[in-house]
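Asks: One structure coming up, written as structure tokens, with questions to follow.
The values are calculated or read from the model by the stated rules, or taken from the named source; none is laboratory data. Values in this document were obtained by computation on a predicted structure and should not be read as measured data. In this analysis, Cβ positions are derived from the backbone assuming ideal geometry, glycine residues included, and neighbour counts consider all displayed protein chains. Just so you know, the surface numbers come from the protein's heavy atoms only, side chains and all, with ligands and any DNA or RNA stripped out. Shrake-Rupley method; radii C 1.70, N 1.55, O 1.52, S 1.80 Å.
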Amino acid sequence: MYVIGTAGHVDHGKSTLVEALTGINPDRLKEERERAMTIDLGFAWLTLPALRGETTGVIDVPGHRDFIENMLAGVGGIDAALFVVAADEGVMPQTREHLAILDLLQIHSGVIALTKSDLVEADWLTLIAADLAAILRGTALEGATVVPVSARTGDGLPELKAALQQTLAQRPPRPDRGRPRLPIDRVFSLPGFGTVVTGTLSDGELVLGAEVEILPAGLTALVRGLQMHKAKIERAKPGSRVAANLVGVEVSQLRRGMVVALPGQFSPTTFLDARFRHLAEAELPLKHNAEVKLFVGAAEVLGTVRLLNHDSLPPGESAWVQIALAEPVVVANRDRFILRRPSPGATIGGGVIVDPHPKRRHKRFDAAVIARLETLAEGAPGEMLLQALEALGPAPLKQAIEKAGLDGETAGLALAEIQEASELVYLDGEALVVSRAGWTKLANDLRATLSAYHAAHPLRAGMPREEVKSRLRLETKAFQAIIAQAVEIGIVAASGATVCLASHQVKFSVAQQSTVDVLLAEFRRNPHNSPSVKECAARVGEAVLNALIEQGALVQVSSEVLFLPETYQTMVERVQSHLRAQHKITVAETRDLFSTSRKYALALLEHLDTQGITQRVGDERLLKAHDNFYHE
Ligand code: GDP
């Protein structure tokens, strides 16, 4: 979804061109029609085939200098400019002023329409085009395509559409940050509908039926209807022109500049930290505490501009400023704004917000304040924190903040920023954090490591933890946290000493299974005089034997002796009950108890010693003192 905004001097043919392109007369007010001059924003739309058949909104702004402030309400949300210069008049004062505004707002996409081409000779067009190239140099629109066009004859219209299409197709889609905001540029009521607001949606989707908040007024309403370009929709995407029918608010409560958002996602502010560029064409230096009019989104608010490291700012220079506003506005980090002198009205410059919610009125000429603002402007603190996290791998948050070199306040902003973008994964409660990308990489490495291991050792239940840890090159704490998280989300299963993919199962081949069946049958026939480890290995192979032991299909009690688990269990219980009755047992007694040989009896008792069940005293075994049964 894209929006194009017109710009250019009054009477240069903007509205006529929009109508020629879209078939819609954008001049909406009767007064305008009568005077044949755009004094407020006009809206139209067109379909450009290369843009996936989506309709593109067109905002027609007034060119007359008396209405420049209306122009600012529309130009904030545009993707590309349709910059209009009449071929017969060439560059005029508002041509320059609009260009300066587009440059301050950093609108880099655009097409220059050299209108009324029917009124001039071809040579003249070439001269004007050269003139234009010169004034565009060094601005955000430098190098934009110039297309001679006549709304009267239709010459150049296809070329103009193609150029618009090309410039828009190069733009990335508007980001969806999951927090929609619709700066209101029109409010009206329609019979049978009630209150309708329009605007260019950014940062998220607006959905039919949503409960919304209108800020800074703090009103709540319900979205009963949504339209884009007069068509009903259920879901509006970021970057689209939206008309929303709101229930629960009156037209009289709303005005241009307010913002429709989801409840609790934005809070109004009356203080802004920003980077400001003073226009080179400005007449006078900008003084500290000068009165200004701020234009941001569709809002227009009076305020004063505090120069944080200048006494006064000469035209053409940039500075860190704190703007104190007379009324609250709803803005986000990175929003671009324009400042005008209130009277006599003149554009003095503009810039970008680096902190929409500074905690205090900053001290001036303070190196720490400036350094913090530079950090905020440079990388966006969230970006810096993410980079630190990516460099560190799983780490305590505090360590990442230190590495990123962020102070407490900036760190808070950074954290909010990356949490909002779901870029943070907490591990081990909140003891450690890892970036989403870092986590994805670790999880992938873990999967790859384990699946390689399973492929190499299909009969092993899992990979020894220590081996996994050294393969992933992690510290113990981070490793444990990663495994715990991977278990929790079902990627892996972990037993005491090994880790395996959750999907891993030890499977014997048909041939292996039949040797296993024969062997286990032998164990069942002679439970107490069972086949030795050596014999088992010879019959089923070492790997299969290990798998049987790992699975618990056989219990190994010594380097030579194995039992079935049920045999083992009853043997342990019988030794224990013998001990409870007789208080002691010898190897010979054990041998007789199970009608087995001394080898098995000795192996079992030695095993019970190591298990802490029995205790050897001379030639006899006693129940170990801490045994639970003993105390009961
Ligand atoms: P805007 O103030 O920039 O929106 O200018 P308008 O669209 O209102 O046009 C101003 C005047 O220029 C009107 O009288 C139009 O009829 C005339 N005009 C617009 N486009 C053309 C064109 O391509 N050729 C000629 N000859 N006149 C035009």
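Asks: Hey, can you tell me all the residues within the stretch 156-182 that are surrounded by 14 or more Cβ atoms within 10 Å (Cβ to Cβ) and within 16 Å of the ligand (Cβ to nearest atom)?
Replies: Gly156, Leu157, Glu159, Leu160, Lys161
Asks: Here's a check for you: in the stretch 184-194, which residue that is open to solvent by 10 Å² or more (accessible area, probe 1.4 Å) and either in contact with a helix residue (DSSP H, G or I) (Cβ under 9 Å, 6 or more places away or on another chain) or touching a residue at least 60 places away in the same chain (Cβ under 8 Å) (or both) is nearest to Gly5 (Cα to Cα)?
Replies: Taking the stretch 184-194 as the starting set, the residues that turn out to be open to solvent by 10 Å² or more (accessible area, probe 1.4 Å) are 186-194.
Filter once more, so that each one left must be either in contact with a helix residue (DSSP H, G or I) (Cβ under 9 Å, 6 or more places away or on another chain) or touching a residue at least 60 places away in the same chain (Cβ under 8 Å) (or both): 186-189, 194.
Values: Arg186: 16, Val187: 20, Phe188: 22, Ser189: 25, Gly194: 28 Å.
Here the residue is Arg186.
Asks: Pick from the stretch 133-143 the residues that are of a type in the set (A, V, I, L, M, F, W, C) and under 16 Å from Ile101 (Cα atoms): which of them is most open to solvent (accessible area, probe 1.4 Å)?
Replies: Checking each candidate, the answer is Ile135.
Asks: Is it true that Pro464 is in contact (Cβ under 8 Å) with a residue 24 or more places away in the chain and surrounded by fewer than 15 Cβ atoms within 10 Å (Cβ to Cβ)?
Replies: yes
Asks: Please count how many residues of the stretch 406-418 are outside any helix (DSSP H, G or I) and open to solvent by less than 50 Å² (accessible area, probe 1.4 Å).
Replies: Residues in the stretch 406-418 being outside any helix (DSSP H, G or I) and open to solvent by less than 50 Å² (accessible area, probe 1.4 Å): 1 in total.
Asks: Still on this model: In the list Gly316, Gly303, Gly349, which residue meets the criterion of being part of a strand (DSSP E or B) and within 16 Å of Leu105 (Cα to Cα)?
Replies: Gly349
Asks: I've got another one for you. Starting from residues that are open to solvent by 60 Å² or more (accessible area, probe 1.4 Å) and part of a strand (DSSP E or B), keep the ones in the stretch 320-334 and report whichever is farthest from Asp366 (Cα to Cα).
Replies: As a first pass, look at the stretch 320-334 and keep what is open to solvent by 60 Å² or more (accessible area, probe 1.4 Å): 326-327, 334.
Okay, now just the ones that are also part of a strand (DSSP E or B), so 326-327.
Details: Ala326: 25, Glu327: 27 Å.
Filtering the stretch 320-334 for residues that are open to solvent by 60 Å² or more (accessible area, probe 1.4 Å) and part of a strand (DSSP E or B), the one farthest from Asp366 (Cα to Cα) comes out as Glu327.
Rundown of residues vs (1) over 17 Å from Leu82 (Cβ atoms); (2) of a type in the set (Gly, Ala, Ser); (3) over 42 Å from the mean Cα position of the chain (by Cα), yes/no style:
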{"residue": "Leu119", "(1), (2), (3)": "yes, no, yes"}
{"residue": "Ala134", "(1), (2), (3)": "yes, yes, no"}
{"residue": "Arg137", "(1), (2), (3)": "yes, no, no"}
{"residue": "Gly143", "(1), (2), (3)": "no, yes, no"}
{"residue": "Ser150", "(1), (2), (3)": "no, yes, yes"}
{"residue": "Leu157", "(1), (2), (3)": "no, no, no"}
{"residue": "Leu160", "(1), (2), (3)": "no, no, no"}
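Asks: Also, quick follow-up: Are there any pairs with C-beta distances below 7 angstrom linking a residue in the stretch 8-22 that is closer than 16 Å to Gly154 by Cα and assigned by TED's automatic domain parsing to the domain that holds Ile135 to a residue that is of a type in the set (Lys, Arg) and more than 6 Å from the ligand (Cβ to nearest atom), with the two at least 6 apart or on different chains, and if so which?
Replies: Leu21/Lys161
Asks: Also: Name the residue, out of Ile39, Ile68, that is farther than 12 Å from Lys14 by Cβ, within 12 Å of the ligand (Cβ to nearest atom), modelled with pLDDT under 75 and of a type outside the set (Lys, Arg). Walk me through it before giving the result.
Replies: Values: Ile68 fails: within 12 Å of the ligand (Cβ to nearest atom).
Result: Ile39 is the single residue among Ile39, Ile68 that is farther than 12 Å from Lys14 by Cβ, within 12 Å of the ligand (Cβ to nearest atom), modelled with pLDDT under 75 and of a type outside the set (Lys, Arg).
Asks: If Leu201 passes every condition in (1) open to solvent by 30 Å² or more (accessible area, probe 1.4 Å); (2) in contact (Cβ under 8 Å) with a residue 24 or more places away in the chain but one, which one does it miss?
Replies: Here Leu201 meets the rest and fails (1).
Residues checked against (1) touching a Ser or Thr at 6+ places or on another chain (Cβ under 6 Å); (2) open to solvent by less than 70 Å² (accessible area, probe 1.4 Å); (3) closer than 25 Å to Glu522 by Cα; (4) modelled with pLDDT under 95:
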| residue | (1), (2), (3), (4) |
| --- | --- |
| Pro565 | no, yes, yes, no |
| Tyr568 | no, yes, yes, no |
| Leu579 | no, yes, no, yes |
| Arg591 | no, no, yes, no |
| Asp609 | no, yes, no, yes |
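Asks: Only one residue in Pro527, Pro565 is on the phi < 0 side of the Ramachandran plot and within 56 Å of the chain's Cα centre (by Cα), so which one is that?
Replies: Details: Pro527 fails: within 56 Å of the chain's Cα centre (by Cα).
Sole residue among the options that is on the phi < 0 side of the Ramachandran plot and within 56 Å of the chain's Cα centre (by Cα): Pro565.
Asks: OK, next. Does the stretch 428-437 contain at least one residue that is modelled with pLDDT of 85 or more and touching a Lys or Arg at 6+ places or on another chain (Cβ under 6 Å)?
Replies: The answer is no, given that none of the residues of the stretch 428-437 is modelled with pLDDT of 85 or more and touching a Lys or Arg at 6+ places or on another chain (Cβ under 6 Å).
Asks: Suppose we filter the stretch 167-186 for residues that are out of contact with any strand residue (DSSP E or B) (no Cβ under 8 Å at 6 or more places or on another chain) and not charged (D, E, K, R); how many remain?
Replies: Here the count works out to 6.
Condition check ((1) surrounded by fewer than 21 Cβ atoms within 10 Å (Cβ to Cβ); (2) within 8 Å of the ligand (Cβ to nearest atom); (3) modelled with pLDDT under 80) across all residues:
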site	(1), (2), (3)
Tyr2	no, no, no
Gly13	no, yes, no
Gly23	yes, no, no
Pro26	no, no, yes
Glu31	yes, no, yes
Phe43	no, no, yes
Leu48	yes, no, yes
Thr56	no, no, no
Pro62	no, yes, yes
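Asks: Residues that are within 23 Å of Ser435 (Cα to Cα), outside the structural domain of Phe563 (by TED's automatic domain parsing) and open to solvent by 50 Å² or more (accessible area, probe 1.4 Å): does the stretch 478-486 have at least one? It would help to see each step written out before you state the result.
Replies: First, the residues of the stretch 478-486 that are within 23 Å of Ser435 (Cα to Cα): 478-486.
With the extra rule that they be outside the structural domain of Phe563 (by TED's automatic domain parsing), the set shrinks to 478-486.
Checking which are open to solvent by 50 Å² or more (accessible area, probe 1.4 Å) leaves us with 480, 484.
Yes, the stretch 478-486 has at least one match.
Asks: Inspect the stretch 101-120 for any residue being open to solvent by 70 Å² or more (accessible area, probe 1.4 Å), touching a Ser or Thr at 6+ places or on another chain (Cβ under 9 Å), free of Cβ contacts under 8 Å to residues at least 60 places away in the same chain and within 16 Å of the ligand (Cβ to nearest atom) and give the result as yes or no.
Replies: Within the stretch 101-120 (the criterion being open to solvent by 70 Å² or more (accessible area, probe 1.4 Å), touching a Ser or Thr at 6+ places or on another chain (Cβ under 9 Å), free of Cβ contacts under 8 Å to residues at least 60 places away in the same chain and within 16 Å of the ligand (Cβ to nearest atom)), the answer is yes, since at least one residue qualifies.
Asks: Can you tell me which of Ala437, Ala456, Ala421 is out of contact with any helix residue (DSSP H, G or I) (no Cβ under 9 Å at 6 or more places or on another chain) and either of a type in the set (Ser, Thr, Tyr) or open to solvent by 20 Å² or more (accessible area, probe 1.4 Å) (or both)?
Replies: On the way: Ala437 fails: out of contact with any helix residue (DSSP H, G or I) (no Cβ under 9 Å at 6 or more places or on another chain); Ala421 fails: out of contact with any helix residue (DSSP H, G or I) (no Cβ under 9 Å at 6 or more places or on another chain).
When all the criteria are applied, what remains is Ala456.
Asks: As an exercise: evaluate Gly138 against (1) without any contact (Cβ under 8 Å) to a residue 24 or more places away in the chain; (2) out of contact with any helix residue (DSSP H, G or I) (no Cβ under 9 Å at 6 or more places or on another chain); (3) away from the ligand (no atom under 16 Å from the Cβ) and give the number of the one condition it does not meet.
Replies: (2)
Asks: Sticking with this one: For the stretch 83-100, enumerate the residues that are surrounded by 23 or more Cβ atoms within 10 Å (Cβ to Cβ) and not in a helix (DSSP H, G or I).
Replies: Matches in the stretch 83-100: Phe83, Val84, Val85, Ala86, Ala87.
Asks: Whether any residue in the stretch 71-81 is at pLDDT 85 or above, more than 11 Å from the ligand (Cβ to nearest atom), under 19 Å from Asp131 (Cβ atoms) and open to solvent by less than 20 Å² (accessible area, probe 1.4 Å) is what I want to check.
Replies: yes
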